[in-house]
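One structure is given here, and the rest of the page talks about it.
The values are calculated or read from the model by the stated rules, or taken from the named source; none is laboratory data. Keep in mind it's a predicted model, so treat the numbers as computed, not measured. Using ideal geometry, Cβ is built from the backbone for each residue, glycine included, and neighbour counts are taken over all protein chains shown. The protein model used for the area step is the full one, side chains on, heavy atoms only, and it has no ligands, DNA or RNA in it. Shrake-Rupley method; radii C 1.70, N 1.55, O 1.52, S 1.80 Å.
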Amino acid sequence: MQATFPSKLKLDLPAFFHAVRAYTEELCAPLETEDYIPQPTVDVSPPKWNIAHTTWFFEEMILKRFAKNYEVFNADFGFLFNSYYNSIGERTRRDNRGDLSRPTVAEVYEYRKHVDRAMDELLAQDLGKEVKELVILGLNHEQQHQELFLSDFKFILSRNPLFPVYRENFAIEEKREPMRGGATVEINEGIYEIGFAGEGFCFDNELGRHKVFLHDFSLNENLVTNAEFLEFIEDGGYCNFNLWHSEGWDWVNQNEVEAPLYWVKRDGEWFNFTLAGLRPVKRDAPVCHVSFYEAAAFAEWKGARLPTEFEWEAASAKFDFGLRWEWTNSAYLPYPNFKKAAGAVGEYNGKFMINQMVLRGGSVATPAAHSRPTYRNFFHPHLRWQFTGIRLAG
Ligand SMILES: [Fe+2]
């Protein structure tokens, strides 16, 4: 059901546009009107806001600037659905997104149609490089929000004591890797090139390709499984301060954390809330929804460590990825020669390069062909509502 497209500039842009926009609506197909509204925590956006905001991106960044005679759908939407772009102006407070019962869901779908029609007209024209690149950025932005839609909506459903099902047979969290016997990839010391090169789309944070020196290291071919993580729990991993960063230990205690997010203990058995409802923890699936703190503590318990993002990228051709966003031990910082783009899109990545950790790979919720080995995802170390997991290095 996922849209698959090569990340090439020579792609069929109208077809890419239609496929991405349609996939967002397909993801929303199981929702009832009430599902579109709640915002149980600041990091989780309501589905209505998500699908309006991705539409806003095309209206604000492209149609208002490049489409002749474009009629803005509703002048207030520029305020309501701006996420974090100061250069565009004032906006709804991030923690107030769930307070918006109006515009209605139906009006937001009308907004999507209005913008899609205008984009169709624009895409039928002979477009310059700047517009084409903005359309591709807008589509990659919408793909990021497709993954956010799934992680946000899962969190919303998880607040309900009835543990509602998003889609039957959609327990994507249980997808597992082919068995490989737990082998490791060995990488020799040397100088490696890091960052995006070649044709096609990448985000600006992947640019500034540069050399790094790496010592000999090894990386596990397999992600850490639920069974392994259960051993950590049963060995008192959450109770042993020696395993944790100071901040992580505070986080465990303040939040009384004793298992990955969405694990629920019933009659002595661990269950896992998935997009297909509450199910027994599947032992051979990779552990999911762990924070950086948990990933680092697990690595410490195992006598291993998390890879740096440079090690991960240098070794990435030698293992499969795409089941979990994998925490690295690298702070999210600009590469040498990183340049912020001019204008509002300059706010896309650069201003977040502080106090966050890099995740590599991609997850079962990432749209197909959206990620690549140089892709840099980033979150604050305590967050775990994304489909995050652990790969160990040594
Ligand atoms: Fe966004």
Set Lys132/Lys211; Lys48/Lys154; Lys64/Lys129; Lys154/Lys339, cut-off 24 Å on Cα-Cα distance; pairs above it are Lys132/Lys211; Lys154/Lys339
Computed over the chain: longest principal axis from alpha-carbon atoms vs helix 47-58 long axis, angle to nearest 10 degrees, is 60 degrees
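What ranking do 131-139, 170-178, 248-256 get when scored by the average of other Cβ atoms within 10 Å per residue, highest first? Intermediate results must be reported in sequence, preceding the final value.
Numbers: 131-139: 19.4, 170-178: 17.7, 248-256: 14.3.
Most protected by this proxy first, the peptides run 131-139, 170-178, 248-256.
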Longest principal axis of the chain (C-alpha) makes with the long axis of helix 292-301 (C-alpha) an angle, in degrees to the nearest 10, of 20 degrees
Answer in debye to the nearest 20: the dipole magnitude of the chain about its Cα centre, from +1 Lys/Arg and -1 Asp/Glu charges placed on Cβ, is 640 debye
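How much accessible area per residue does segment 126-176 have, counting only protein heavy atoms and a probe of 1.4 Å, in square angstrom? Walk me through the numbers before you get to the answer.
Numbers: 2250 Å² over 51 residues.
Per-residue value: 44 Å².
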Given unit charges at Cβ for Lys, Arg (+) and Asp, Glu (-), the dipole magnitude of segment 159-260 about its Cα centre in debye, nearest 20, is 320 debye
Mean Cβ-within-10 Å packing, highest first, puts peptides 149-161, 346-358 in the order 149-161, 346-358
Of the candidates Trp270, Asn253, Ala227, the farthest towards the positive dipole end of segment 183-305 (Lys/Arg Cβ +1, Asp/Glu Cβ -1, centred on the Cα centre) is Trp270
With the charge dipole of segment 74-222 built from beta-carbon charges (+1 for Lys and Arg, -1 for Asp and Glu) about the Cα centre, the Cα from Gln143, Gly200, Gly78 projecting farthest to the positive end belongs to Gly78
The chain, Gaussian network, Cα under 10 Å: of Asn96, Asn329, Asn205, the residue fluctuating most is Asn96
With Cα coordinates, the longest principal axis of the chain makes an angle with the long axis of helix 246-255, in degrees rounded to 10, of 80 degrees
Per its Cα gyration tensor (rounded if a/c is under 1.5, else prolate when a/b beats b/c, else oblate), segment 272-392 is best filed as prolate
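Return one quarter of the surface area of the convex hull spanned by the alpha-carbon atoms of segment 311-369, equal to its mean projected area, in nm².
Averaged projected area of segment 311-369's Cα convex hull equals 5.4 nm².
GluC sites (Glu not before Pro) within segment 15-123: which are DSSP loop residues with at most 12 other Cβ atoms inside 10 Å? Before the final figure, lay out the partial values.
Values: sites: Glu25, Glu26, Glu32, Glu34, Glu59, Glu60, Glu71, Glu90, Glu107, Glu110, Glu121; in loops: Glu32, Glu71, Glu90.
Counting only loop positions with at most 12 other Cβ atoms within 10 Å, the GluC sites (Glu not before Pro) in segment 15-123 are Glu32, Glu71, Glu90.
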